[in-house]
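Structure first, commentary second.
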Amino acid sequence: MSQIPSKDEILQWISDNPGLSAKRDIAKAFGIKGAARIDLKRVLRELEEEGHLEKRKKTYRDPDRLPPVSVLEVRGPDSNGDLTARPLEWQGEGEEPVVHLIARASDPALGAGDRILARLTLIGHGPDYEGRLIRRIGANPKRILGVFRAGSEGGRVVPIDKGSDLEWMVPAGATHGAKDGELVEAEQVGPKARMGLPKARVVTRLGDPSAPKAVSLIAIHQHGIPDDFPDAAVEEADRAKPAGLSGREDLRDMPFVTIDPSDARDHDDACYAHADDDPKNEGGHVLWVAIADVAHYVRPGSALDREARKRGNSTYFPDRVVPMLPDRLSGDLCSLHEGVPRPVIAVRMRLDAHGEKLGHTFHRGLMRSVASLHYEEVQAAMDGAPSDRAGALMEEVIRPLYAAYAALKEARERRQPLDLDLPERKIELSDEGEVLSVKFRDRLDAHKLIEEFMVLANVAAAETLIAKKSPLLFRVHEEPPVEKLESLRDTAQSAGFNLAKGQVIRTAHLNQLLNAAAGTDHAELINMSTLRSMTQAYYAPQNFGHFGLALANYAHFTSPIRRYSDLVVHRSLIAAHGWGPEGLDGEQISELESVGAHISETERRSMTAERDTTDRYLAAYLSERVGSEFTGRISGVARFGAFVRLDETGADGLIPIRSLGDEYFHFDREAATLMGSNSGRVIQPGQRVTVKLAEAAPVTGGLMLELLSLDGETMSHGPVDGFRRGRGGKGGPKRKLVHAKRKDDKIKRKLKRRR
């Protein structure tokens with residue numbers, strides 16, 4: 001019988017032979033044959049579960065190693081002037097490796113932003129690599145958004161990106177008439193020069209960067225979010241006509257209502273509930289959820305479809321929305337307005353008295369909302385202060401909805417989805433776009449009611465399509481990796497809490513930790529650390545379940561106006577039920593993998609743009625309070641300083657390491673701490689602080705803070721004196737302190753220029 005190698009031997013062999021990592025390659029290398037292959041498969045599965053290996057199709061690889069051939073994004077040159085790149089396939093833990101590009105005479109000139117396919121070689125024992133170009137994947141001129149600074153011969157563009165220090169030179173004649181201080185979009189001109197600043201030409205003038213309404217415009221341009229619809233898509237939308245009853249069930253007599261934020265820009269879901277009259281389901285409920293039938297208007301292969309797929313989703317800012325569909329559809333024909341017949345795909349779900357779904361059916365129909373309500377209005381009605389229109393709907397509509405929700409809450413308690421407490425900020429703007437206030441949104445039962453209804457409808461869609469063997473895009477949220485759970489466990493233990501060990505982690509275990517921390521000084525730390533331990537959700541035609549919601553089958557069905565994924569699910573339902581020609585066809589099915597990857601990326605793009613916009617609005621709001629003191633908590637540490645989340649607004653600011661005193665602070669990545677070399681003072685996430693706002697830069701969204709007290713202890717400050725502290729010499733504290741000071745001074749000068 002063949003001898004099964006140890007786990008260490010398997011890992012070492014895969015590390016030494018990254019190109020031969022299929023199970024058959026491993027079996028061949030160790031002479032494993034016949035029934036022994038079953039034991040090998042078991043060992044490989046255990047290595048996967050322990051986080052040591054990642055299965056990719058039919059091969060295995062170390063998740064902390066890059067594949068030998070990888071897609072890279074070229075970055076700017078390093079301190080030695082050599083080009084580096086970042087791997088787009090990095091899935092490992094710890095710091096992302098840097099790829100140092102080795103150029104050959106025959107290679108084309110590469111610039112920052114280029115995507116390339118390269119062959120990689122690990123440098124020593126890592127973590128960095130050498131990369132040799134195989135081919136360039138597309139080549140578009142790099143574009144930047146920045147503030148134009150006029151000069152005697154043209155000018156310069158100072159990028160607004162917080163992570164960019166590199167300015168661009170604009171030759172005379174390439175300024176496009178830009179004025180000093182204007183916000184501009186510029187495009188790289190010619191190849192990257194080995195010496196001096198890169199050259200660019202101004203392609204778009206965007207006006208005053210400090211103007212309130214420029215904030216979201218900056219994010220739109222910076223992240224490349226399409227905000228103009230092609231003429232063909234607009235013409236298709238303008239030609240669309242309201243749908244009639246032909247081929248649909250008549251649902252217009254049902255008292256559906258929409259419940260949305262008071263400032264909602266579209267209404268794509270409506271609901272209705274009543275007691276189940278089946279005597280076999282005593283205390284049960286019938287719940288209807290109706291969703292706008294966007295697929296009726298957006299046909300596969302049309303100009304509207306191509307543009308919706310390109311955008312992937314709508315992007316929401318405090319002052320505007322960049323919609324996935326033109327307003328003729330998103331704000332009119334597809335929006336379930338009060339009193340207007342609208343085409344829908346609806347799901348009828350039967351619940352027992354304890355919230356378990358007994359069954360469901362889908363219907364393509366025509367409905368008419370009896371009221372467009374908002375969350376606060378519905379909640380006030382249930383709390384005994386109904387408005388006139390809510391009061392008229394209390395018995396027939398609102399109370400039955402809350403009764404169904406009460407049953408679903410029971411089921412939720414049994415299922416135990418992840419229950420994070422992360423307050424959402426709401427930025428209130430004046431008509432001119434200036435920030436009036438920053439508040440935290442209330443979490444009302446009315447919000448939770450709609451969330452539970454939508455989750456159940458999404459589950460029903462996934463279950464139906466699985467049963468009918470119809471292709472679809474699942475919403476996937478995989479289990480957190482072992483290493484991140486270990487990091488969360490260490491954080492919990494340092495705060496005096498425990499996270500179950502030695503068993504498969506479920507959301508119920510994480511909720512126990514969150515509940516233990518609730519109401520303590522460590523609640524925010526534990527919530528944020530738990531969130532950071534999670535994987536990123538994505539769309540895929542393969543079903544790997546949804547860990548956070550504790551659901552085996554989950555797909556997005558309820559928001560086709562603003563998410564392309566939901567439109568795909570609608571089309572799959574249409575095809576599965578034989579409802580018409582708008583369903584998924586063979587070509588669309590073959591593209592599901594690439595569509596899922598694309599819209600997962602556009603979702604992340606929108607999230608980043610929305611977060612950057614919030615940061616800029618917060619910086620603008622706080623810019624009038626420079627010099628004021630604030631309380632907050634350490635939210636993270638890095639080699640260059642500590643991040644603080646302010647209590648009042650939830651804004652994040654940076655305490656530069658040079659402002660912490662006249663000693664060297666050692667950064668421990670594993671422990672996530674900064675430790676003073678002389679005082680032994682430890683700075684770590686979760687600590688209470690009082691800070692002074694030193695600078696606020698609305699254009700970049702950056703906040704610079706000065707630490708006044710740490711966990712109630714007043715901080716003493718002195719000049720950074722690298723020559724008085726540390727051992728000196730190359731790489732010593734003296735050198736690092738001086739470097740940190742120079743870097744921080746550079747950041748401050750840059751912030752002042754941009755203000």
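The values are calculated or read from the model by the stated rules, or taken from the named source; none is laboratory data. Everything numeric here is computed off the predicted structure, so don't read it as measured data. Methodologically, a virtual Cβ is constructed for each residue, glycine included, from the backbone with ideal geometry; neighbour enumeration extends over all protein chains shown. Accessible surface is based on the protein model in full, side chains and every heavy atom, while ligands, DNA and RNA are left aside. Shrake-Rupley method; radii C 1.70, N 1.55, O 1.52, S 1.80 Å.
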Query raised in the report: By how many degrees, between 0 and 90 and to the nearest 10, does the Cα long axis of helix 507-517 differ from the longest principal axis of the chain?
Result: 70
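Let me check against my output: what whole-number percent is the relative contact order of the stretch 194-306, with C-alpha pairs under 8 Å and at least 6 apart?
Details: 66 pairs, mean separation 22.2, N = 113.
Computed over the stretch 194-306, the figure is 20 percent.
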Query raised in the report: Taking the stretch 641-696 as the region of interest, what is the percent of Cα-Cα pairs per 5 angstrom bin, listed from the shortest bin to the one with the maximum distance?
Result: 4, 16, 30, 24, 16, 8, 2
Report task. Go through (1) 3, 14, 24, 26, 21, 10, 3, 0; (2) 2, 11, 19, 25, 22, 14, 6, 1, 0; (3) 3, 12, 19, 21, 19, 13, 7, 4, 2, 0, 0 and flag the label whose value is the computed P(r) over Cα pairs in 10 Å bins from 0, in percent for this structure. Result -> (2)
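Over the chain, give the accessible area per residue in Å² for a 1.4 Å probe, as an integer.
48
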Requested in this report: Give the peptides 345-354, 376-385 in descending order of average Cβ contacts within 10 Å, highest first.
Outcome: 345-354, 376-385
Query - Note, ³J(HN,Hα) from phi for the stretch 404-414, Karplus 6.51, -1.76, 1.60, rounded to Hz, x at Gly and Pro - result: 5, 5, 4, 5, 5, 4, 4, 5, 5, 4, 6
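Suppose we keep just the DSSP beta bridges with both residues in the chain; what percent of those would be antiparallel, to 5? Could the numbers behind the result be given before it?
Details: 113 of 126 bridges.
Once the DSSP bridges in the chain are tallied, antiparallel ones form about 90 percent.
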**Report entry** Three-way shape call for the stretch 175-234 based on the alpha-carbon gyration tensor, with the a/c threshold at 1.5
**Finding:** oblate
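Write out the trypsin sites (Lys or Arg not before Pro) in the stretch 500-543 meeting two conditions: DSSP loop, and at most 12 other Cβ atoms within 10 Å of their Cβ. Present the calculation step by step, with values, prior to reporting the outcome.
Values: sites: Lys501, Arg506, Arg532; in loops: Lys501, Arg506.
Hits after loop and neighbour filter: Lys501.
Tell me the relative contact order for the stretch 319-416 as a rounded percent, counting alpha carbon contacts under 8 Å between residues six or more apart. Intermediate values should be presented prior to the final figure.
Working: 101 pairs, mean separation 23.2, N = 98.
So the answer I get is 24 percent.
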**Report entry** Two-site label geometry, Arg252 and Asp228: point separation in nm, points 7 Å out along Cα→Cβ
**Finding:** 4.1
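Taking a threshold of 19 Å on the Cα-Cα distance, which of the pairs Lys426/Lys692; Lys7/Lys28; Lys357/Lys469; Lys142/Lys179; Lys280/Lys357 fall above it? Mind dumping the intermediate values first?
Numbers: Lys426/Lys692 24 Å; Lys7/Lys28 16 Å; Lys357/Lys469 21 Å; Lys142/Lys179 22 Å; Lys280/Lys357 14 Å.
Cα-Cα > 19 Å for Lys426/Lys692; Lys357/Lys469; Lys142/Lys179; rest within.
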Report summary line: Taking only C-alpha positions in the stretch 591-708, Rg and Dmax in angstrom work out to 17.2, 60
**Report entry** Whole-Hz ³J(HN,Hα) from phi, Karplus 6.51 cos²θ - 1.76 cosθ + 1.60, for the stretch 631-647, glycine and proline x
**Finding:** 9, x, 9, 5, 9, x, 10, 9, 4, 9, x, 10, 9, 10, 9, 6, 5
Requested in this report: Collect residues whose amide H, placed 1.01 Å from N in the peptide plane, falls under 5 Å from the amide H of Gln687; neighbours closer than 5 in sequence don't count.
Outcome: Ile634
Query raised in the report: Angle, helix 564-577 long axis vs. longest principal axis of the chain, Cα atoms, 0 to 90°, nearest 10?
Result: 30
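Loop-only check: which trypsin sites (Lys or Arg not before Pro) in the stretch 533-571 are DSSP coil with at most 15 other Cβ within 10 angstrom?
Values: sites: Arg562, Arg563, Arg571; in loops: Arg562.
Sites meeting the loop and neighbour criteria: none at all.
DSSP loop (so not H, G, I, E, B), at most 11 other Cβ within 10 Å: list which GluC sites (Glu not before Pro) in the stretch 389-497 pass both filters.
Passing sites in the stretch 389-497 are Glu424, Glu432.
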Query raised in the report: Angle between the Cα long axis of helix 36-49 and the longest principal axis of the chain, 0 to 90 degrees, nearest 10?
Result: 80
**Report entry** Residue-averaged [θ]222 nm for the chain, counting only DSSP H segments that reach four residues, each worth -39500 (n - 2.57)
**Finding:** -9000 deg cm²/dmol
Query raised in the report: Taking amide H positions as placed 1.01 Å from N in the peptide plane, with prolines and chain starts having none, which residues 5 or more places from Val203, or on another chain, fall under 5 Å of its amide H?
Result: Glu185, Ala186, Glu187
Query raised in the report: Sorted by average packing, counted as other Cβ atoms within 10 angstrom per residue and highest first, what order do 208-218, 238-248 take?
Result: 208-218, 238-248
Query - Segment Ala537-Val682, length gained on full extension (0.36 nm per residue, minus Cα span) - result: 48.8 nm
Query raised in the report: Check Leu429: other-chain or 5+ apart residues with amide H under 5 Å from its amide H, H built from backbone geometry?
Result: Leu436
Requested in this report: Over the chain, calculate the relative contact order: mean separation of alpha carbon pairs under 8 Å at least 6 apart, over the residue count, as a percent.
Outcome: 9
Query - Cα centroid of the stretch 302-317 to Cα centroid of the stretch 170-241, whole Å - result: 20
